[in-house]
1. Inspect all residues belonging to the stretch 108-118 and state whether any of them is free of Cβ contacts under 8 Å to residues at least 40 places away in the same chain, in contact with a strand residue (DSSP E or B) (Cβ under 6 Å, 6 or more places away or on another chain) and in a loop (DSSP other than H, G, I, E, B).
2. Which condition from (1) among the β-branched types (Val, Ile, Thr); (2) in a loop (DSSP other than H, G, I, E, B); (3) more than 18 Å from Val96 (Cα to Cα) is the one that Ile64 breaks?
3. Go through Val104, Val165, Val136 for me and flag whichever is buried (at least 21 other Cβ atoms within 10 Å of the Cβ), within 15 Å of the chain's Cα centre (by Cα) and over 18 Å from Tyr74 (Cα atoms).
4. Name the residues in the stretch 1-44 that are β-branched (Val, Ile, Thr), in contact with an Asp or Glu (Cβ under 7 Å, 6 or more places away or on another chain), under 14 Å from Leu103 (Cα atoms) and outside any strand (DSSP E or B), would you?
5. Could you tell me which numbered condition Gln155 fails, if it satisfies all but one of (1) surrounded by fewer than 18 Cβ atoms within 10 Å (Cβ to Cβ); (2) farther than 28 Å from Pro30 by Cβ; (3) modelled with pLDDT of 95 or more; (4) out of contact with any His (no Cβ under 9 Å at 6 or more places or on another chain)?
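The values are calculated or read from the model by the stated rules, or taken from the named source; none is laboratory data. What you see is a predicted model, and the numbers here were worked out from it, not measured in a lab. Positions of Cβ are generated from backbone atoms using ideal geometry, with glycine treated the same way; all protein chains shown enter the neighbour counts.
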Amino acid sequence: MQKSVSQVAMESAGIRSALGQIADEILKSPSDPLRLVLIGIHTGGVHLAKRLQTIFLKDHGLSIPMGTLDINLYRDDWTRLHKQPLVRSTDFPFPVDEHEVVLVDDVLYTGRTIRAALDAIMDYGRPQRVQLAVLVDRGHRELPICAQFVGISMQTEAEQQVHVVLSEKEDEDRILIETPSP
């Protein structure tokens with residue numbers, strides 16, 4: 001079993017600050033707040049979308065609807081990753097048509113997850129616009145996908161892993177970079 005070394009790239013206060021910055025940038029973008037909806041990609045994106053929804057309400061007095069999206073059956077690699085995909089719920093308590101969607105995920109890497117998410121959203125309707133908010137952009141794109149709203153950009157090596165650990169599942173928030181030991 002190969003061991004790895006983890007280093008903390010960001011702690012709880014930095015994550016809170018980054019999410020506040022993302023929320024501010026979303027509101028500064030040419031969007032109609034009445035058409036704005038958040039869609040979190042399972043699993044990390046769902047927790048971050050809920051946090052953004054809370055920031056919009058507490059700091060800006062805006063109640064932004066939020067939905068959840070499972071992309072497992074839309075992935076181009078699910079047969080290589082699993083014999084049986086773990087299917088989670090997709091729930092949009094609003095019509096996607098004519099809304100300005102902010103798709104939320106924790107880490108942007110190759111772009112394949114976002115491509116799958118776009119395919120899934122289009123099966124539910126035709127949004128007016130889709131923008132992407134990510135906590136971490138680590139580069140190494142394989143598809144021409146970019147995020148409009150980014151908490152932190154970091155240069156990583158392809159063999160490294162970036163883990164966003166959130167208090168909804170663990171004891172505290174942090175972003176870890178895991179490097180395999182030689």
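1. No, the stretch 108-118 has no match at all.
2. Checking Ile64 against (1) among the β-branched types (Val, Ile, Thr); (2) in a loop (DSSP other than H, G, I, E, B); (3) more than 18 Å from Val96 (Cα to Cα), the one that fails is (3).
3. Val136
4. None - no residue of the stretch 1-44 is β-branched (Val, Ile, Thr), in contact with an Asp or Glu (Cβ under 7 Å, 6 or more places away or on another chain), under 14 Å from Leu103 (Cα atoms) and outside any strand (DSSP E or B), so the list stays empty.
5. Evaluating Gln155 over (1) surrounded by fewer than 18 Cβ atoms within 10 Å (Cβ to Cβ); (2) farther than 28 Å from Pro30 by Cβ; (3) modelled with pLDDT of 95 or more; (4) out of contact with any His (no Cβ under 9 Å at 6 or more places or on another chain) leaves (3) as the failure.
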